[in-house]
Each structure stands twice: as structure tokens, then as C-alpha cells.
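One structure below.
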Amino acid sequence: MKFSVLALDYDGTIAVDGRLDPDVATVMSEVRDRGIAVVVVSGRTLADLSRVSGGLGWADAFALEDGAVVAFPDGETRLLAPAASQPLVRALRDAGVPFTAGQCVIEADADHAPRILSLVRSLELPLALHFNRGRLMVLPYGVSKETGLREVLRAFRLSAHNTLAIGDAENDHPLLRTAQVGAAVAWGSKALQAEADDVVPGNGPPAVAAYLRRALESMRLPPARRVRHKVALGRTSDGAAVTMGVRNRNILVAGDPRTGKSWAIGLICEQLIVAGYSLCIVDPEGDYAPLEALPGVVVVGG
């Protein structure tokens, strides 16, 4: 599949102690020169990331505060969640819990999680706790790195199916699941590596640069070690599901007349359409006209 979007976590993935790795910065410039959109998806606030990275001109968009805030280099900012809870802010101050508050997120050391959870429960607030290694972020329900990435993709009219995402920690699970290929770095969370489509080998951000250069050689998404996106074909006689991976497939459906060839192809097409994939169906006999009822299908001719 075409490689059109690169979504990167910041701390631990492409930056150490808040500083963007120089080799990664160079390859990100090469990526953008090839027409691939670069999106940075981070738990940091806009002001903090701008301060440590020297501005916002080095990427095409930023999904910050764990997906609650989207920012663009031209200064446009969009909030995707309610403002940081003032009742919780006051309660944390009264309890003497050190924290920082962004536009939507409240962040603290993860060691304070039991106390913060107790305050959230006592105040009956609709908030969730996100862990990022030694840090804890408090955000409204339903907000994650997926939220911010999908908003950027919508704004740029790009697809998650052409996206490569790379992350390192617990809060990157939604980011990697959103992308067609989600890669975890080898020096990060073992749980994230277990769920990822691929693992970036190495021991630090320069390895990400090497991984991206390999992807640029073909302008295709890198091959995945596991098949996460599948379509169902049916079941065996003992009830086991028969599935097929979406990527890198050429399929020949053959058989006698009236044995279900068109039905099988229609089943595959229907699942791909519902999953948001793009496909072109040349249908001279009108066998696939019912697919017009699915969202996003355009019929040309008659």
C-alpha cells in the first residue's frame, strides 16, 4: 500500500530528554520532500513541545495532549475535548499533589495515580487515566492518540490505511491500532511490541531514521510481521473462521457457473468498503449493484 502519512510519537521514540534526534530530523525532512505528511502525536502540551523542539515548522501537524489538541504550523489549534477539569485542578492543589495542566490534559507523576483516581471518583468526574511510562495523564473519556490522528487525517483528506505509526509506550496502543502499519520501537514497552504489526530494531531514535529510510526506498508501507487487517471468507466444517489478510494480495476466484464466484467477490468487496478501503469495481453485468447502498460508494454509468 502507498505510504502517505507518517505518525510519530515524540518522547522515547524520536527524542531523548526532550530533544529531537538530529538523524530523525533529517530523514523527516526527506519524508516530507517526498510528499508524505508527517504528524507528531505526543502527550506534551503545545507550548512545551514548541519550547523543547524549537518551534513547529518541522512537521505538518501535531496531535498533542494525548490526542486532545490538534495544532498546525500556521498557528491554527483545535480542541477535541473539554478544557482541563477545574474541580480536579482545585482538588489536586488542596491535596498538595504536584501537577501541570494543559488546555485539556492534567499531567502528574504516575506515583500519584491512586490519589488522583480517588479524587476523580469522589468528584464523580467523567475522566480517564492514561499512563506514559513514569507519567500520568488525566483526560475525558474517549480521548486518545487515535482521536488526534484521525482529526489530522480528516483535515488533510488522507487515510489511516496509508499510514505508518511508530511509538514506544503504553499510551501509543491507540496510535498503532489506528494506522495500517503500527510499529513499536525495540527499546520501548514490551506489551506494545507484542501488539504491534512490526518492531523497529535498535536501541534509540537513530534506529527510527534507518527504518524510515528503508520505507522511503519503495514509497510503500513496510511489511508487517503479523496480519491484523483481515476479511472473513467463511468457516470450515468444524466452525473455524477462514480469513484473508488485506495487504499484498492478488486473488483469483474460479469455478463453474452459479457456484458463488460473484457472491464471494462481493463479500470481500463489502468488507473492504465498510472498513474504509478504496477499491474500483468494473462490473459490466451489474452483479455488484447492491454495493451502492454502502457508505461512500459512487456508481458511474448504468
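The values are calculated or read from the model by the stated rules, or taken from the named source; none is laboratory data. Computed from a predicted model, the values in this text were never measured in an experiment. Here Cβ is always computed from backbone atoms with ideal geometry, including for glycine, and neighbour counts include all displayed protein chains. We work out accessible area using only protein heavy atoms, side chains counted, and drop any ligands, DNA or RNA first. Shrake-Rupley method; radii C 1.70, N 1.55, O 1.52, S 1.80 Å.
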Checklist line | Scope the stretch 91-129; condition open to solvent by less than 30 Å² (accessible area, probe 1.4 Å), within 29 Å of residue 182 (Cα to Cα) and either free of Cβ contacts under 8 Å to residues at least 60 places away in the same chain or part of a strand (DSSP E or B) (or both); matching residues | finding: 102, 104, 106, 108, 110, 113, 127, 128
Notebook entry, point to check: Is there a residue being more than 21 Å from the chain's Cα centre (by Cα) and either outside any helix (DSSP H, G or I) or at pLDDT 95 or above (or both) anywhere in the stretch 140-162?
Noted result: no
Margin query: If I ask for residues that are open to solvent by 10 Å² or more (accessible area, probe 1.4 Å) and of a type in the set (Asp, Glu), which ones from the stretch 134-180 would you list?
Written below: 146, 151, 170
Next item on the list: Please work out which one of (1) under 29 Å from residue 247 (Cβ atoms); (2) open to solvent by 20 Å² or more (accessible area, probe 1.4 Å) is the condition residue 183 fails and give its number.
Entry: (2)
Next item on the list: Take the stretch 14-43 and flag every residue that is of a type outside the set (A, V, I, L, M, F, W, C), touching a strand residue (DSSP E or B) at 6+ places or on another chain (Cβ under 6 Å) and either buried (at least 16 other Cβ atoms within 10 Å of the Cβ) or in contact (Cβ under 8 Å) with a residue 40 or more places away in the chain (or both).
Entry: 42, 43
Note to self: Restricting to the stretch 234-281, name every residue that is free of Cβ contacts under 8 Å to residues at least 40 places away in the same chain, among the aliphatic types (A, V, I, L, M) and part of a loop (DSSP other than H, G, I, E, B).
What the structure shows: 240, 246, 251, 252, 253, 254, 279, 281
Checklist line | Where residue 235 falls short, out of the listed (1) closer than 21 Å to residue 291 by Cβ; (2) out of contact with any Asp or Glu (no Cβ under 6 Å at 6 or more places or on another chain) | finding: (1)
Next item on the list: Mind counting the residues in the stretch 185-227 that are under 17 Å from residue 14 (Cβ atoms), assigned to a loop (DSSP other than H, G, I, E, B) and small (Gly, Ala, Ser)?
Entry: 6
Margin query: Every residue in the stretch 61-90 that is within 19 Å of the chain's Cα centre (by Cα) and crowded, with 22+ Cβ neighbours inside 10 Å, please.
Written below: 61, 62, 63, 64, 65, 66, 67, 68, 69, 70, 71
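Each row is one residue, and each column tells you yes or no for (1) of a type in the set (Val, Ile, Thr); (2) open to solvent by less than 60 Å² (accessible area, probe 1.4 Å); (3) over 20 Å from residue 177 (Cβ atoms).
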residue: 197; (1), (2), (3): no, yes, no
residue: 216; (1), (2), (3): no, yes, yes
residue: 219; (1), (2), (3): no, yes, yes
residue: 225; (1), (2), (3): no, no, no
residue: 231; (1), (2), (3): yes, yes, no
residue: 234; (1), (2), (3): no, yes, yes
residue: 239; (1), (2), (3): no, yes, yes
residue: 243; (1), (2), (3): yes, no, no
residue: 247; (1), (2), (3): no, yes, no
Notebook entry, point to check: For the stretch 44-59, which residues satisfy the criterion of being at pLDDT 95 or above, open to solvent by less than 40 Å² (accessible area, probe 1.4 Å) and not in a helix (DSSP H, G or I)?
Noted result: 45, 59
